[in-house]
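Trainee: Sharing a structure here in structure tokens format.
The values are calculated or read from the model by the stated rules, or taken from the named source; none is laboratory data. Just so it is clear, the structure is predicted and the values come from calculations on it, not from any experiment. Neighbour counts run over all protein chains shown; Cβ positions are idealised from the backbone, glycine included. Ligands, DNA and RNA are excluded from the accessible area calculation, which covers all protein heavy atoms including side chains. Shrake-Rupley method; radii C 1.70, N 1.55, O 1.52, S 1.80 Å.
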Amino acid sequence: MSVEVGGIVVHQEHLDASDQAELVEQVRRVVRAAPLYRPETRTGRKLSVRMTSAGTFGWISDRSGYRYDREHPDGMAWPPMPPLALDVWRSVANVPRDPQSCLINFYDANAKMGMHQDRDEADFEMPVVSISLGDDARFRVGGPERGGKTESLWLKSGDVAVMGGAARMNFHGIDKIRAGSSSLLPNGGRINLTLRVVD
Ligand code: MD3
Ligand code: FE
């Protein structure tokens, strides 16, 4: 089933339980090679979300600002993209290019992500595809202007969201995690994968 909120198409339960478990294994492989870390902002605040990436480019933030980089902050190349994530992109993105970056965000029970736009990519005609795993998250989406009217939606494990067209520039964030809502991750929490064409 798919629903639309603020121009974003959410394919609910796009991944079944066995695909979700397999994708978690593929994410673990990435995290073993390129550990999760808490990025700092330019002003030295640490994000509550822990991150790593896979693919050609990873998104990083540090005292110099934020950008895409070919290396993890510890200096290693990013591991290969999880194959199942690439399959998801090919089934929903509807563009001729493959993604170059898979950003992996890990949310514990208290993590959130403030409202922001994704504008570090070169071609805004290319969509962003998001895959949710683990605990439910309340996702909030507004318009292309900060401070406008917003709508919210609970993203659940296995949901795939596609941000294309005008919705690509919409402000969005994660308000809160519903701890204990999923048993996919033995220690709880939520993983979000975002797939992007970068250059
Ligand atoms: C709407 N991640 O990594 S995914 C991000 O759940 C990010 O971790 C959130 O926002 C998360 O940048 C939300 C859903 C999402 C991703 C990209 C978008 C929604 C979007 C780009 C434009 C509009
Ligand atoms: Fe975003």
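Trainee: So, in the range 146-174, of the ones that are β-branched (V, I, T) and open to solvent by less than 30 Å² (accessible area, probe 1.4 Å), which residue ends up nearest to ligand 1 (Cβ to nearest atom)?
Mentor: Of the range 146-174, the ones β-branched (V, I, T) are 150, 160, 162, 174.
In the following step, the residues that additionally are open to solvent by less than 30 Å² (accessible area, probe 1.4 Å) were identified as 160, 162, 174.
Numbers: V160: 10, V162: 9, I174: 5 Å.
So, considering only residues that are β-branched (V, I, T) and open to solvent by less than 30 Å² (accessible area, probe 1.4 Å), the one nearest to ligand 1 (Cβ to nearest atom) is I174.
Trainee: List the pairs whose first member sits in the range 131-152 and is in contact (Cβ under 8 Å) with a residue 40 or more places away in the chain and farther than 18 Å from V3 by Cα, whose second member is open to solvent by less than 10 Å² (accessible area, probe 1.4 Å) and near ligand 1 (Cβ under 10 Å from one of its atoms), and whose Cβ atoms are under 6 Å apart, counting only residues at least 6 apart or on separate chains?
Mentor: Hits for this filter: G134/R190; D135/R190.
Trainee: Please name all residue pairs, on different chains or six or more residues apart, with Cβ atoms under 7 Å, provided the first residue is in the range 104-119 and is touching a residue at least 60 places away in the same chain (Cβ under 8 Å) and more than 9 Å from ligand 2 (Cβ to nearest atom) and the second residue is open to solvent by 40 Å² or more (accessible area, probe 1.4 Å) and small (G, A, S).
Mentor: Partner pairs satisfying both residue conditions: A109/A179; N110/S48; A111/S48; K112/S48.
Trainee: Quick check: is even one residue across the range 87-103 open to solvent by less than 50 Å² (accessible area, probe 1.4 Å), polar (S, T, N, Q) and either on the phi < 0 side of the Ramachandran plot or at pLDDT 95 or above (or both)? Steps first, please.
Mentor: Taking the range 87-103 first, the residues open to solvent by less than 50 Å² (accessible area, probe 1.4 Å) are 88-89, 92-93, 95, 99-103.
Pick out the ones that are also polar (S, T, N, Q) and you get 100-101.
Filter again for either on the phi < 0 side of the Ramachandran plot or at pLDDT 95 or above (or both), leaving 100-101.
Within the range 87-103 (the criterion being open to solvent by less than 50 Å² (accessible area, probe 1.4 Å), polar (S, T, N, Q) and either on the phi < 0 side of the Ramachandran plot or at pLDDT 95 or above (or both)), the answer is yes, since at least one residue qualifies.
Trainee: From S101, S64, grab the single residue that is free of Cβ contacts under 8 Å to residues at least 24 places away in the same chain and among the polar types (S, T, N, Q).
Mentor: Numbers: S101 fails: free of Cβ contacts under 8 Å to residues at least 24 places away in the same chain.
Step by step, each of S101, S64 is checked, and only S64 is free of Cβ contacts under 8 Å to residues at least 24 places away in the same chain and among the polar types (S, T, N, Q).
Trainee: Pairs only if they're at least six apart or on different chains, beta carbon under 7 angstrom, first in the range 1-19 and free of Cβ contacts under 8 Å to residues at least 12 places away in the same chain, second part of a loop (DSSP other than H, G, I, E, B); list them, first residue then second.
Mentor: As it stands, the answer is S2/Q12, since those pairs meet every condition given.
Trainee: Answer yes if at least one residue in the range 132-152 is hydroxyl-bearing (S, T, Y), within 27 Å of R67 (Cα to Cα) and within 11 Å of ligand 2 (Cβ to nearest atom), and no otherwise. Before you say what the answer is, go through the steps one by one.
Mentor: First, the residues of the range 132-152 that are hydroxyl-bearing (S, T, Y): 132, 150, 152.
Next cut, within 27 Å of R67 (Cα to Cα) only: 132, 150.
Subsequent filtering for residues that are within 11 Å of ligand 2 (Cβ to nearest atom) retains none.
Checked against the condition, which is being hydroxyl-bearing (S, T, Y), within 27 Å of R67 (Cα to Cα) and within 11 Å of ligand 2 (Cβ to nearest atom), the range 132-152 yields no hits at all.
Trainee: Separate question: Give all pairs with beta carbons closer than 6 Å in which a residue from the range 181-199 that is within 16 Å of ligand 2 (Cβ to nearest atom) meets a residue that is open to solvent by 20 Å² or more (accessible area, probe 1.4 Å) and part of a strand (DSSP E or B); count only pairs at least 6 apart in sequence or on separate chains.
Mentor: From the range 181-199, the pairs are I191/F106; V198/Y68.
Trainee: Further question on the same structure: Consider only pairs whose beta carbons are under 7 Å apart and that are at least six residues apart or on different chains; among these, list those whose first residue lies in the range 155-179 and is within 24 Å of P96 (Cβ to Cβ) and whose second residue is surrounded by fewer than 21 Cβ atoms within 10 Å (Cβ to Cβ) and of a type in the set (K, R).
Mentor: Correct list of pairs: empty, since none qualify.
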